[in-house]
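Notes follow the structure.
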Amino acid sequence: MLIIRNKKWMERNVLRNEGELVGMIKGCTRTCGLLGNPVEHTLSPMIHNTLAESTERELVYVPFCVPQGGIEAAVRGAEALNILGLNVTVPYKSAVIPFLHDIDPFAERIGAVNTLVRDIDGFKGYNTDLPGLYRAMCDDHVDIEGEHVLILGAGGVARAVAMLMVEKGAKEIILMNRTLQKAERVAREVNEFSGTKTARGISITSIGELSDKQSYLAIQATSVGMYPNIDEVIIEDDTFYDKVHVGYDLIFNPSSTRFMEKVQEKGGRAYNGLKMLLYQGILAYELWTGEEVSAQNINKVYKRLLEVQKNETKDAI
Ligand code: NAP
C-alpha cells in the first residue's frame, strides 16, 4: 500500500494523481531507492521518477528510511528483493562500504559512496557526488586547472572536493576550517594521495594568511547558511570576499545564500549546489540503466528542481 503523506509530498514526487500511479507500476517495474535517515526531505524521487517517466522506463524510485544499525540488513534485503539500484545518503555513505561486494576506485579513495549498482554478485558502490559537482562546474564554465582554490570546511564533502580539485589540476588548495587540526589532516591526505604539496590547512579565521596578489575560487562546503539558518554565513569579514572571483556554495536551499550574496557584492560570480544535486542524480540514473540521459531530459529535471526550490523558498518566508 502506498501512503501519500500530504500535498507537498505529492507535488515533489511527480506521482500527481491516482490515474498516473496506477498506470505507472506494472509487474515488470524495477525499483530503485534511497537509503538514509532522515529521508523525508529528499528531492531524489522527483529526479528519478521524472527521468523514468521521460525515458519511458519501467522504473520507480522510493525513499527508504533505514534505522540506526540497520544498513547491513537494508543492503541484504535490497539484494534479496532484486532492487536495481540505490542511492545512499547521510549517515550511511561510509558505513555501507563493508557490505558491498565491489567499489569503484574513486569512491574507495574518498571513502564515501552515494550510489549502489546491482550486478550478479550484489551491489557495487560508486560516488557520483563529485563527478556531479565537476559536471556542474563545467556547465557553469568554472575552470579548475591552474586555479588557487579555497575550500571552506573539512568534513566529508570538503575532503572529497579537495581530492577532485587536485585531480583536476588545481595549483593550490587551502582548506579553511573552524577546527584547524581537521583542515591540516585533510590537506595531508590530499598531498599523500597526489604526491604533491598542493594542499594546506588553515583556520577559518586566518584570512590574513591568504595572498593579496591572488584571486581565489572559493567552495563553501559547510552547512552554515542552510535553511532554516539563512542569515548565517561562514565568513562575515568583507575583506575576504575581495579575494574571491568565483564562489561555489554546495548548499541549494536557499537558492541564494549569504555567502553567494557577499561574493556577488564584491563583483564575483556565485553558484549554488542545485546543479551538483542534479548531476549526481543524472549520473546515478545512467549507471543503473546504462542509458545516457539526453540534454532535453536533463533540462526537464532541472526545471522541476528549480520549481521546487522556488516553492520551498517561498514557503520558508
Ligand atoms: P560534515 O561532514 O558534517 O562537515 C561539516 C563542516 O562544516 C565541518 O568542516 C565543520 O567544521 C563545518 N561547520 C559546521 N557548522 C559550523 C559552524 N557553525 N561554524 C563553522 N564551521 C562549521 O558535512 P558534509 O557531509 O561534509 O556536508 C557539507 C555540506 O555539503 C552540507 O551543508 C550539504 O548541504 C552540502 N552537500 C551538498 C550536496 C549537493 O548535492 N549539492 C551534496 C552533499 C553535501 P568543524 O570541522 O570545525 O566541525
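Worth a mention:
- Antiparallel DSSP beta bridges within the chain, percent to nearest 5: 20
- Size estimate for the range 118-205 follows the Kirkwood approach: the inverse of mean 1/r over distinct Cα pairs works out to 13.7 Å.
- Accessible surface for the chain, divided over its residues, is 48 Å² per residue with a 1.4 Å probe.
- Computed accessible area, Cys28, all protein chains, 1.4 angstrom probe, square angstrom: 80
- Test item: Cα-centred dipole of the range 61-211, Lys/Arg +1 and Asp/Glu -1 on Cβ, debye: 440
- Accessible area of Glu53 (1.4 Å probe, protein heavy atoms only, ligands and nucleic acids ignored): about 80 Å².
- Axial C-alpha extent at least 20 Å, average Kyte-Doolittle at least -1.0 - helices from the chain (DSSP): 180-194, 274-289
- Since only Gly77, Phe64, Pro38 are under comparison, the one whose Cα sits farthest along the positive direction of the charge dipole of the range 18-146, derived from C-beta charges on Lys, Arg, Asp and Glu, is Gly77.
- Projected onto planes of every orientation and averaged, the convex hull of the alpha-carbon atoms in the chain covers 16.8 nm².
- Put a dot 7 Å past the Cα of Gln68, heading toward its Cβ, do the same for Lys26, and the two dots end up 4.4 nm apart.
- Whole-Å distance, taken between Cα centres, linking the range 100-137 and the range 241-289: 22
- Beta bridges per DSSP with both ends in the range 13-136, % antiparallel, nearest 5: 40
- Between Asp238 and Thr205, the modelled label-to-label distance comes to 2.2 nm, taking each label 7 Å out from Cα in the direction of the beta carbon.
- Unit charges on C-beta of K, R, D, E only; dipole of the chain, Debye: 340
- Each of Val224, Ser294, Gln181 was placed along the dipole of the chain (beta-carbon charges, centred on the mean Cα), and the one lying farthest toward the positive end is Val224.
- When the convex hull of its Cα atoms is viewed from all sides, the range 94-139 shows a mean projected area of 3.3 nm².
- Charge dipole of the chain about the Cα centre (unit charges at C-beta), most positive-ward option of Val157, Ile202, His141: Val157
The values are calculated or read from the model by the stated rules, or taken from the named source; none is laboratory data. None of the values given here were measured: they were computed from a predicted structure. Quick reminder, even Gly has a Cβ in these numbers, built from the backbone with ideal geometry, and neighbours come from all protein chains shown. Note: accessible area is taken over every heavy atom of the protein model, side chains too, but ligands, DNA and RNA are not part of it. Shrake-Rupley method; radii C 1.70, N 1.55, O 1.52, S 1.80 Å.
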